[in-house]
Amino acid sequence: MDQPGNIADAARPIGVLDSGVGGLSILRELRAQLPAEDVIYVADQAHIPYGTRPIEQVRTFTVGVARFLIEQGVKLIVVACNTASAAALYRLRELFPQLPFVGMEPAVKPAARDTRTGVIGVIATETTFQGELYASVVGRFAQGVRVETRACPEFVRLAEAGDTQSPQAHQAVRQCLQPLLAAGIDQLVLGCTHFPFLKETIQAETGPDVTIVDPSPAVARQAGRVLEGRGALNPADVPGRVIYYTSGQPDRFRAVLGALLGAECAAAADVRPVAWVGETLRAASG
Ligand code: DGL
């Protein structure tokens, strides 16, 4: 039987949000797994970093960005930022019960399941570690396992600069991971969406005996399952379009897009400015 509501839904874009370019690690997976979907990506670079701000402030920003995406007619929002998820996921579901949200939580579960040493490492932002979501994940999945945590704000800065493999990047990664390696971790959970862009550098510094747990493919699969469950997968057989909005500088965003996702992607990218007006985000001109 026809379900007109769902057919209308299927053609709508997916919304993806982050404080900056970190959510592109999720976007990359969404494009690979759900190529027909249109996507609207918002980078709130006017406020980056989120990860050192008070949780209430991050919640306000995240709700403002989500409202903007809802005004653009999205059918699902992927909160492609662990910090924003920690601060606002429960609130978003309360405020917009009709819309599905897929959020990020540090992937402690597979790490705790697979550890041989009994010690796992989690790297994320300070604000992510302060949220209830993180405490609940550890409480649910890390019984009997030692969890070593470390905030790595420098990794966010490096990804935002498109600097993922330089000697400085290696140095910063080495310094941040040293205490975790000394503690004997054999699993390292990437609890911030900026970090997958540093994955090769991280693996080079940990050596092959540490497994890096990157949740991005699983998050994209979850988005696909949610859409499928609502009959809202886009049935088109042409590739979907992506519109990028940044509350920072569009030229700067495009340059970093090139560094992280490739020059071809950056050259073709539709990058538009948005600006904050009070607690609301508005499309801005030029
Ligand atoms: N990408 C964000 C996350 O996943 C954090 C970056 C920031 O500090 O703004 O936590």
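Every number here is computed from the coordinates shown, using simple stated rules; none is lab data. It should be emphasised that the depicted structure is a prediction, and the values quoted were computed from it without experimental measurement. Positions of Cβ are backbone-derived with ideal geometry, glycine not excepted, and every protein chain shown enters the neighbour counts.
Lys and Arg at +1, Asp and Glu at -1: add these up for the other residues within a Cβ distance under 13 Å of V213 and post the number. Cβ neighbours under 13 Å give a net charge of -1. Tell me the Kirkwood radius of the stretch 204-286: reciprocal of the mean inverse pair distance over distinct alpha-carbon atoms, in Å. 16.3 Å is the Kirkwood radius here.
Computed over neighbours whose Cβ is under 15 Å from that of R157, the net charge equals -3, Lys and Arg +1, Asp and Glu -1. Here the chain has an Rg and Dmax of 18.5, 60 Å, counting Cα atoms alone. Relative to its Kirkwood radius, the Cα radius of gyration of the stretch 72-131 gives an Rg/Rh of 1.09. Net charge of the neighbourhood of V242, taken over other residues with C-beta under 12 Å away and scored Lys/Arg +1, Asp/Glu -1, is +1. In angstrom, the C-alpha Rg and Dmax of the stretch 130-231 are 15.4, 48. If one puts a single equal scatterer on every Cα of the stretch 48-197 and applies the Debye formula without solvent, what log₁₀ I(q)/I(0) results at q = 0.18, 0.19 Å⁻¹? Reported log10 I(q)/I(0), two decimals: -1.07, -1.15.
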